[in-house]
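Peer 1: My questions will all concern the structure given below.
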Amino acid sequence: MQTHTFKPDMPPPVLSVGVLGWLRTNLFSSWFNTLLTLFAVYLVWLIVPPLIQWAFIEADWVGTTRADCTSDGACWVFIQQRFGQFMYGFYPTELRWRVDLTVWMAVIGAAPLFIPQMPRKALYGLCFLVVYPLLAYWLLHGGFFGLSTVPTSRWGGLMLTLVIASVGIAGALPLGIVLALGRRSDMPAIRVLCVTFIEFWRGVPLITVLFMSSVMLPLFLPEGLSFDKLMRALIGVILFQSAYIAEVVRGGLQAIPKGQYEAAAAMGLGYWRMMGLVILPQALKLVIPGIVNTFIALFKDTSLVIIIGLFDLLNSIKQATTDPAWIGMATEGYVFAALIFWIFCFGMSRYSMHLERKLNTGHKR
Amino acid sequence: MKMVKSTLAVLTTAAVLGVSGFAQAGATLDAVQKKGFVQCGISDGLPGFSYADAKGNYLGLDVDVCRAVAAAVFGDATKVKYSPLTAKERFTALQSGEVDILSRNTTWTSSRDAGLGLNFAGVNYYDGQGFLVNKKLGVSSAKELDGATVCIQAGTTTELNLSDYFRASGMKYTPITYDTSDESAKSVEAGRCDVLTSDQSQLYAQRIKLAAPDEYVVLPEVISKEPLGPVVRQGDEEWFDIVRWSLYAMVNAEEMGINSKNVEEMAKTTKNPDIARLLGAEGEFGKDLKLPKDWAVKIVKQVGNYGESFDRNVGAGSALKIERGLNALWNKGGLQYAPPVR
């Protein structure tokens with residue numbers, strides 16, 4: 001009896017495995033792709049080496065004045081010298097610890113919410129959402145309980161960007177959810193009200209809203225009553241973004257099958273408990289990408305406050321480049337701003353992906 | 001966008017007309033004294049005129065006007081709060097009472113003076129549209145610019161002035177318009193245009209941005225009149241006078257050779273009746289303005305005379321190095337002239 005032994009497998013052709021294989025299938029699979037690859041390589045070669053040269057190799061890192069920037073590359077001394085202003089705006093230097101403390105409190109206070117085993121998480125979260133804004137206002141603005149007042153006209157830099165973004169998000173989300181529910185309401189008055197609100201705010205550009213809040217509103221108010229400029233901008237941002245959130249959430253509500261509503265009603269749940277316990281948890285989960293998308297857009301839109309003379313991160317940088325001692329540093333400033341904005345937006349998008357993975361287990365196919 | 005803009009403009013004008021004239025004589029000074037500081041509207045960033053240093057202090061020629069008023073009213077130039085304003089919101093902020101003075105490189109024109117319910121208290125800088133060229137072109141006058149490619153830094157009237165000037169001189173040009181000063185500076189440097197036009201004060205700031213500032217010159221021709229000055233609400237003549245005379249005090253001080261170093265000495269020892277009247281050593285001229293007797297001393301001591309302020313912020317002592325030109329005193333070939341205190 002002869003046993004048949006298989007010969008060992010021949011190794012695959014060299015050109016179809018490993019780095020070479022990958023290159024061949026992905027970059028050089030046809031003459032057109034080859035051409036595109038070569039073109040892309042050429043572009044990278046054109047852009048990247050000079051960029052590295054400018055940003056790192058020939059850059060000046062240490063010094064205190066413009067005169068210390070002797071080489072041809074970037075002058076990071078400018079960023080280093082004005083770093084405090086880019087972060088805190090004109091917030092008094094000796095009081096900047098209050099801003100730091102506010103940020104640390106947010107980090108430490110929110111940390112327990114990310115621990116999966118934490119008991120009574122919902123209750124803690126609710127308390128945090130109520131207590132933290134008050135504490136933050138007290139720390140940042142002051143004026144009572146022994147802290148001196150720092151008027152909002154002194155706020156600026158990244159701090160102001162974060163204040164506008166986080167207040168905008170915290171205000172627009174609940175308002176947006178209510179508007180979405182209202183738009184699907186059976187009561188005509190509420191429905192018409194919500195539709196009008198949403199369509200109005202979606203119909204105007206944010207820049208117009210800000211402009212109106214800063215240029216027109218003061219003329220209509222009685223003399224002597226001047227509304228804080230930042231407050232006006234915040235209200236504008238919240239109303240504007242809530243309309244977008246409302247439409248995103250409505251998309252989620254429409255995706256929930258009718259059976260869910262009927263089942264919840266059959267269990268004897270009233271409207272608010274049906275929404276709160278059955279519909280919204282499912283709907284919001286579905287629209288996480290849309291909501292985060294809106295948040296990222298909101299974060300970037302905060303830089304529009306430049307047109308009403310608020311000094312957010314971008315405007316602080318622009319303002320610093322008008323100091324005759326640093327004229328002409330705009331490129332360095334804007335590169336720095338882009339980097340900060342990218343870090344925050346990228347962080348938000350990574351977190352949303354993580355959130356989707358965590359919550360979306362039921363839907364994964 | 002254009003429609004939105006024009007609609008807004010109409011609305012603004014309408015609203016403005018509605019509220020103009022509410023200011024009452026004396027109301028502003030009373031309010032300012034009550035709150036303890038002058039609320040001053042400044043630019044959101046203009047080299048030499050209003051900008052912030054690394055510590056967040058506002059500096060500049062326009063800022064100095066506000067400091068002078070605070071020095072006159074309170075004897076303390078630091079009692080100013082600043083509201084950085086964009087070009088669009090500046091008049092509203094003044095009309096609605098958000099600021100007491102608008103000192104924000106604002107050109108004095110008839111429509112603003114008469115149509116917006118505002119009063120210009122004086123001119124702290126005579127500006128005008130000019131040209132910046134590379135020395136290599138060998139051009140020494142704007143009359144030689146026929147056929148040039150002109151980079152324009154977009155402004156409210158820059159394009160119009162330019163086309164008027166070239167048409168009146170029978171010359172041709174190719175315009176390239178840029179929105180920001182950084183872009184236009186870069187394109188002059190890259191040689192995309194032969195000449196850059198903007199207000200002269202801007203051109204000097206542009207010049208610092210270039211890699212080799214010394215290779216560029218600002219041509220002598222000025223093709224538009226842009227007198228810049230502080231603005232107050234119409235109807236409160238008392239406050240208007242205080243702002244106007246704070247400015248005049250600085251100009252008068254320069255003319256009389258009074259500066260921040262010698263002012264206190266001069267106030268005590270002077271024999272010159274003009275100086276004695278200005279510095280309050282003789283007469284009661286502060287009282288007419290509802291100001292303390294030594295109001296001018298405080299201004300000159302804390303802010304300096306006009307020449308010192310000019311030099312420190314935009315002139316030879318600054319990075320901008322703008323020549324006095326039209327802003328020299330009247331007896332030195334310029335236009336800065338202040339009526340006497342007596």
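Peer 1: So how tilted is helix B:2-19 from the main axis of chain B? Cα-based, degrees 0 to 90, rounded to 10.
Peer 2: So the inclination is approximately 20 degrees.
Peer 1: If you take the alpha carbon radius of gyration of region B:234-342 and divide it by 2.2 N^0.38 Å, what ratio comes out, to two decimals?
Peer 2: 1.08
Peer 1: Could you tell me, in Å, what Rg and Dmax come out for the Cα atoms of region B:129-224?
Peer 2: So, for region B:129-224, Rg and Dmax equal 11.8, 34 Å respectively.
Peer 1: I would also like to ask the following. Who wins for biggest fluctuation among A:L193, A:L175, A:L298 in a Gaussian network model of chain A, springs between alpha carbons below 10 Å?
Peer 2: Maximum fluctuation in the GNM of chain A, among the listed residues, is at A:L193.
Peer 1: What percent antiparallel are the DSSP beta bridges of region B:129-224, to the nearest 5?
Peer 2: In region B:129-224, approximately 45 percent of DSSP beta bridges are antiparallel ones.
Peer 1: Report the Cα centroid-to-centroid distance between region A:192-269 and region B:36-53 in angstrom, as an integer.
Peer 2: The two parts, judged by their Cα centres, are 35 Å apart.
Peer 1: Now a separate question. Could you size up the charge dipole of region B:86-130 around its Cα centre, putting +1 on the beta carbon of Lys and Arg and -1 on that of Asp and Glu, and report it in debye to the nearest 20?
Peer 2: With Lys and Arg at +1 and Asp and Glu at -1, about 100 debye.
Peer 1: Quick one: helix B:237-255 against the long Cα principal axis of chain B, what's the angle to the nearest 10°, folded into 0 to 90?
Peer 2: Approximately 80 degrees, to the nearest 10.
Peer 1: Mind listing the phi-derived Karplus ³J(HN,Hα) values for region B:216-221, rounded to whole Hz, using 6.51, -1.76 and 1.60 with θ = phi - 60°, and x for any glycine or proline?
Peer 2: Karplus values, whole Hz, x for Gly and Pro: 10, 10, 9, 5, x, 5.
Peer 1: Something else now. Taking Cα centroids, how far is region B:91-145 from region B:56-89 in Å?
Peer 2: A separation of 18 Å, based on Cα centres.
Peer 1: Taking θ = phi - 60°, what integer Hz values does the Karplus form 6.51 cos²θ - 1.76 cosθ + 1.60 yield along region B:103-119, in sequence order, with x for Gly and Pro?
Peer 2: Each residue's phi maps through the Karplus curve to give 10, 9, 5, 9, 6, 7, 10, 5, 5, 6, 5, 8, x, 9, x, 10, 10 Hz.
Peer 1: Taking a threshold of 21 Å on the Cα-Cα distance, which of the pairs B:K135/B:K186; A:K300/B:K55; B:K34/B:K261; B:K55/B:K186 fall above it?
Peer 2: Violating the 21 Å limit, Cα to Cα: A:K300/B:K55; B:K34/B:K261; B:K55/B:K186.
Peer 1: Right, next: Return the whole-Å distance between the Cα centroid of region A:19-76 and the Cα centroid of region B:291-342.
Peer 2: Their Cα centres are 51 Å away from one another.
Peer 1: Something else: Taking just the C-alpha trace of the protein assembly as shown, give me its Rg and Dmax in Å.
Peer 2: Gyration radius and largest Cα-Cα distance of the protein assembly as shown: 31.3, 137 Å.
Peer 1: Once the principal axes of the Cα atoms of chain B are found, what is the range along each, listed largest first in whole angstroms?
Peer 2: Per principal axis, max minus min of the Cα coordinates gives 61, 48, 40 Å.
Peer 1: Quantify how much of the Cα-Cα distance distribution of chain A extends past 41 Å, in percent.
Peer 2: 33 percent
Peer 1: For chain B, with a Gaussian network of springs between Cα atoms less than 10 Å apart, report the residue from B:D311, B:D53, B:D182 with the top mean-square fluctuation.
Peer 2: Ranking B:D311, B:D53, B:D182 by mean-square fluctuation puts B:D53 first.
Peer 1: Calculate how steeply helix B:158-168 sits against the longest principal axis of the alpha-carbon atoms of chain B, using the helix alpha-carbon long axis, and give the answer as 0 to 90 degrees to the nearest 10.
Peer 2: Orientation of helix B:158-168: about 60 degrees from the principal axis.
Quick note: the coordinates plus some simple rules give every number you see, no bench work behind them. As the structure is a computational prediction, the values presented were derived from the model and not from experiment. Note that each Cβ is placed from the backbone with ideal geometry, even for glycine, and that neighbours are counted across all protein chains shown.
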